[in-house]
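First up is the structure itself, then whatever we jot down about it.
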Amino acid sequence: MDIDNEVSELKRIRKAMRKDAGPLSRRRQSRLDPHRVHLVALYRAGASLDDLVVWLRRHKRIEVHRTTVHKRMIRWGEVKRG
């Protein structure tokens, strides 16, 4: 098979896969989303990201890394990038 034809076939297949995936695949809900209000309140009260990780582990039995919490706080608009 010609390389150009193979590439165009792969692109066509991937496009069909994206259509079949549906809207939920675009933005997956995080395990942190149900706890957003509490996490934001703790953060605004002075808790560090590491404190939030410990809180999630002890009170909600959720094991996540600090960067997971940081990225979610960025998405929620609570922390600036950097």
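Any read-out appearing in this document is the output of simple, stated calculations on the displayed coordinates, not a laboratory observation. What you are looking at is a predicted structure, and each value in this text was computed from that prediction instead of being measured. A quick note on method: Cβ atoms are made from the backbone with ideal geometry, for glycine too, and the neighbour counts reach across all protein chains shown.
For Cα extents along the principal axes in Å, computed directly from the structure shown, the correct entry in (1) 60, 26, 20; (2) 39, 34, 29; (3) 71, 23, 18 is (1).
So what's the angle, to the nearest 10 degrees on a 0 to 90 scale, between helix 66-76 and the longest Cα principal axis of the chain? Helix 66-76 sits at roughly 80 degrees to that axis. Which residue fluctuates most in the GNM of the chain (Cα springs below 10 Å): 60, 71, 11? Among 60, 71, 11, the largest GNM mean-square fluctuation belongs to 11.
Given Cβ point charges of +1 (Lys, Arg) and -1 (Asp, Glu) and nothing else, what value in debye, to the nearest 20, does the dipole of segment 3-76 about its Cα centre take?
Numbers: 20 positive and 8 negative charges, 56 e Å.
The calculated dipole for segment 3-76 is roughly 260 debye.
Angle, helix 3-21 long axis vs. longest principal axis of the chain, Cα atoms, 0 to 90°, nearest 10? Tilt of helix 3-21: around 50 degrees. Between the residues 41, 3, 76, the greatest Cα displacement towards the positive end of the dipole of segment 3-76, with unit charges on the Cβ of Lys, Arg, Asp and Glu, is found for 41. Annotation: extensible slack from residue 63 through residue 78 equals 3.3 nm (criterion: 0.36 nm per residue apart, minus Cα-Cα distance). Near residue 3: Cβ cut-off under 14 Å, other residues only, Lys/Arg at +1 and Asp/Glu at -1. The net charge is -3. Taking 58, 18, 66 as the candidate residues, the one with maximal mean-square fluctuation in a Gaussian network model of the chain, Cα springs under 10 Å, is 18. Relative to the current alpha-carbon distance between residue 31 and residue 7, full extension at 0.36 nm per residue lengthens the span by 5.0 nm.
Length gained on full extension, residue 41 to residue 71: 9.1 nm, using 0.36 nm per residue less the C-alpha separation.
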